[in-house]
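Report on the following structure.
A short reminder: the numbers here are calculations on the coordinates, not readings from a lab. Note that the structure is a prediction, hence the values are computed from the model and not measured. Because the Cβ atoms are built from the backbone with ideal geometry, glycine has one as well, and the counts that use them run over all protein chains shown.
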Amino acid sequence: MTPAPENPVKIPEPAAHPARLILILSLAPIIGLGIGRFAYSLVLPDMRDTLGWSYSVAGFMNTINAAGYLGGALAAARLIRWFGLSASIRWGTLACVVALALSAISGNVVVLSLARLLVGVGAALTFVAGAALAAQIAQSHPARASFLLSLFYAGPGFGIVTSGLIAPFVLQVFGPGSWWIVWWAMTLLSAALTIPLLMSPIEAGSRLDDTVPAPFPIRPILIYLAGYFLFGAGYIAYMTFMIAYIRDAGGGPVAQSAFWCLIGLSAFVTPWAWQGLLARDNGGFTTAIILGVNTVGAALPLLGHSVLLLTVSALVFGVSFFAIVGSTTAFVRFNSPPSAWPKGIAAMTIAFGIGQTLGPTAVGAITDAFGNLSYALNASALLLALGAVAAAFQRKLIKGA
């Protein structure tokens, strides 16, 4: 492993209101991920019916989004070095808002693909920069660091809840073919959420943007990255096709909204449910445990369509899904100096991005071939289980070795 630099970066002085600052930072992934990525699942059935898409095309729209996310992650470290953390967060968020508006103006596959690509790029940039800044703010309060970081990762749950409360009922009120109205509603909501992010001094009055990036070792964590890749490929199938699965089973707008909101609401439990486990430096075992729970949540719908099963599935999947992402940042924080965190988080995001780039189209093709969405959920659960096994083999890194 690359040794820590001779002149380690000093952790910034404690911010006056770290929780408030991190909650403001969480607005970026709320827009880029909670709304920009995941609201697509809510409008997918109507878009597919109206525009005549196959499941492969529907999956491709999330593949192109994931490709943008991957590209944004690959470019994030360099963009952060050029523009700083806070500017990267703000410009990335604005790109997401523009992409949402673009999604509303045309049913053309090329235009929609470009919109999905742009929101992916913006989401990745804001996620890498926001997570690095949140980690540095949290580090100034070591006793609460894991809890504070969990606040950032629970943020997308708010986007999922709000889109779940809006999209199904807009579609019900305006009828078939109203998917574009949903995208305008998402655009207006995101624009409103952007205001605090643009107006607040998210640098927390410290020189967080001035750290010189240090290298982050890749070879010692290849098995961990493989596990995170499998998580990226597995979770996206569940999040892309579950609303269509519920609708095909006879679930109306209320059922779809309730299911989606349960996933989002469970994210708010994440900071309390996992803070003890996330505070432990135990290599990849923390991620493996949480990913195992996530696998259970993804597999439950395969046992039936009952309200109880779907409710438990949404809650279990949601409370673990957001914690997995947080566990990777905790892993980076425990095993590298602060100056290496942006590159470390970017490496995790790249592995995740490759997985979620390949997942949707592959699973969509499987569904087209077999004609049943249950095959998509089978593939999702299998990939998540394999990811948990891979993460369990990752050991702690010895700093300075």
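Taking the Cα-to-Cβ direction at residue 110 and at residue 17 and moving 7 Å from each Cα, how far apart do the two end points lie in nm?
It is 4.8 nm.
Using helices alone, I'd like the mean residue ellipticity at 222 nm for the chain: each DSSP H run of four-plus residues gives -39500 (n - 2.57), total over residue count, nearest 500.
-25500 deg cm²/dmol
Helix 145-174 versus the longest principal axis of the chain: what is the Cα-based angle in degrees, 0 to 90, to the nearest 10?
So the helix axis and the longest Cα principal axis differ by about 20 degrees.
Give me 90, 144 sorted ascending by neighbouring Cβ count inside 10 Å, so fewest comes first.
144, 90
Sequence gap at least 6, Cα distance under 8 Å: using those rules, report the relative contact order of the chain to the nearest whole percent.
29
Taking the Cα centre of the chain as origin, work out the dipole magnitude from +1 charges on Lys and Arg Cβ and -1 charges on Asp and Glu Cβ, in debye rounded to 20.
In debye, rounded to 20, the chain gives about 720.
Hey, what did region 52-118 get for relative contact order, percent, Cα under 8 Å, at least 6 apart?
49
Which angle from 0 to 90°, rounded to the nearest 10, does the C-alpha axis of helix 307-335 make with the longest principal axis of the chain?
20
Would you indicate which of [x] 5, 22, 32, 24, 13, 4, 0, 0; [y] 5, 23, 34, 27, 10, 1, 0; [z] 5, 25, 36, 23, 8, 1, 0 is the value of P(r) over Cα pairs in 10 Å bins from 0, in percent derived from the coordinates of this structure?
From the options [x] 5, 22, 32, 24, 13, 4, 0, 0; [y] 5, 23, 34, 27, 10, 1, 0; [z] 5, 25, 36, 23, 8, 1, 0, the structure gives [z].
Which angle from 0 to 90°, rounded to the nearest 10, does the C-alpha axis of helix 55-83 make with the longest principal axis of the chain?
20
If we count other beta carbons within 10 Å of each Cβ, what is the order of 239, 186, fewest first?
Final ranking by Cβ density, sparse to dense: 239, 186.
Arrange the following residues from fewest to most other Cβ atoms within 10 Å of their Cβ: 261, 96.
261, 96
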